[in-house]
Amino acid sequence: MRIHDFSFTSTHTQYTYTISYYIPADPQPPEGFPVCYVLDGSSYTMMMAEAVRLQSRNTLRTHVAPSIVIGIGHQDDMRDRRFFDFTAPADAYKYPERFKGDVERQHGGAEAFTRFIEQELKPEVMRRFPINQRKQTLYGHSLGGYFTFWQWLHHNDNYAHYLAISPSLWWNDHHLFTDITTHPFTHTTTPLFMAVGEHEGHMVIDAKKMLPYVEQKTTTTSLYIAPDENHASVVPTTMSRALRFIHV
C-alpha cells in the first residue's frame, strides 16, 4: 500500500497544506468511491488507509467498504496552526486553568478552514479522484474532533457522516454546549459518531453530558467509551468501530 501526497495552498487560509491520499485498488464503483477526509493527516492518514484496505477485503463481514482516504496535514508549525484552523471564531475566549502559563496560540480560523475544504480542496479531490459525493465523511481527533463536532452542528450538510474522536468539548468554556441548545436546526438525519478513552477523565464526562443534547438533534448517533484507553491509544482502538458506523 502506498500513500501519495501533494501540496495545496489555500487562498482562504493563506496556508500550504500537505494533502495525502490513498486510492483503493478495487474496481471503481459506478457511483464512485466513498471518501473520508482525515484531519491531522500527517498523523492519521496511514492508519486510516490501512484500516480501510485490510477490512474492505471482505465488506460483507467487516462492514467496511473500499474507500478513498484524504488526509489534511500541516507543516512543521502543526501544533500552532491546527489550533487556529480547528477552533471556531468567537467574540471572547476563555482558557482552562490547566493552560495557565502556556503561550496562547492564535485561534478562531475554523470558518476560513471550512471554506478551504469546501471551495478549494473538495473540488480538487473531485477533479483528481472518482469519489461518490453523497458519501463523504469527516474524521477528527482531539481538537480535530472538536472541529468535526462543530462542523456537524454548524455546517451539517458538508458531509454524510461525522466521526469525532475524543472531541475537545472543553474548548472556550464548553461553548458547544451553548451552541447545540441555541442552534436553529432542530433535527438532522446526519449521523455523528463520538468515542473517548475510558481514562480520559474530564473528556469522558463532557462526552456523556453532550450525548443527550446530540440525541435531541439526531437519532443516528453513538458514543463509545473505549475500555482501558487514553487520549492517544483511543485513536487506533476505535478506528474500526468508526468505519463500521459509516457503512452499516
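The values are calculated or read from the model by the stated rules, or taken from the named source; none is laboratory data. What you see is a predicted model, and the numbers here were worked out from it, not measured in a lab. For neighbour counting, all protein chains shown are included, and Cβ atoms are generated from backbone atoms with ideal geometry for every residue, glycine included.
When segment 55-66 is limited to residues that are free of Cβ contacts under 8 Å to residues at least 60 places away in the same chain and either assigned to a strand (DSSP E or B) or buried (at least 17 other Cβ atoms within 10 Å of the Cβ) (or both), the one that is nearest to the chain's Cα centre (by Cα) turns out to be P66. For segment 140-152, the count of residues that are over 19 Å from G41 (Cα atoms), within 13 Å of the chain's Cα centre (by Cα) and either assigned to a strand (DSSP E or B) or modelled with pLDDT of 95 or more (or both) is at least one.
Residues that are surrounded by 14 or more Cβ atoms within 10 Å (Cβ to Cβ), among the aliphatic types (A, V, I, L, M), closer than 22 Å to A160 by Cα and in contact with a His (Cβ under 6 Å, 6 or more places away or on another chain) do occur in segment 229-246, at least one of them. For segment 45-54, the criterion of being crowded, with 21+ Cβ neighbours inside 10 Å, charged (D, E, K, R) and under 19 Å from V235 (Cα atoms) is met by no residue.
Within segment 224-248, residues that are touching a residue at least 24 places away in the same chain (Cβ under 8 Å) sit with their Cβ atoms under 9 Å from residues that are charged (D, E, K, R) and assigned to a helix (DSSP H, G or I), at 6+ positions apart or across chains, in these pairs: Y224/R241; I225/K208; A226/R241.
What are the residues in segment 7-39 that are under 19 Å from R115 (Cα atoms) and loosely packed, with under 14 Cβ neighbours inside 10 Å, if any? Hits for segment 7-39 are S7, T9, T11, Q14, T16. Within segment 229-247, is there a residue that is farther than 25 Å from R105 by Cα, in contact with a helix residue (DSSP H, G or I) (Cβ under 9 Å, 6 or more places away or on another chain) and of a type in the set (D, E, K, R)? Yes - at least one qualifying residue is present in segment 229-247.
Taken over segment 185-212, the residue count meeting the criterion of being of a type outside the set (V, I, T) and within 25 Å of K135 (Cα to Cα) is 8. Among the residues examined, V52 qualifies as assigned to a helix (DSSP H, G or I), closer than 21 Å to I131 by Cβ, over 15 Å from the mean Cα position of the chain (by Cα) and among the hydrophobic types (A, V, I, L, M, F, W, C). In a loop (DSSP other than H, G, I, E, B), surrounded by fewer than 13 Cβ atoms within 10 Å (Cβ to Cβ) and more than 16 Å from the chain's Cα centre (by Cα): is that true of P212 in this structure? No. Taking the conditions exactly as written (crowded, with 24+ Cβ neighbours inside 10 Å, more than 19 Å from E111 (Cβ to Cβ) and either in contact with a Phe, Trp or Tyr (Cβ under 7 Å, 6 or more places away or on another chain) or not small (G, A, S) (or both)), does V196 satisfy them or not? Considered against the rule, which asks whether it is crowded, with 24+ Cβ neighbours inside 10 Å, more than 19 Å from E111 (Cβ to Cβ) and either in contact with a Phe, Trp or Tyr (Cβ under 7 Å, 6 or more places away or on another chain) or not small (G, A, S) (or both), V196 comes out as yes.
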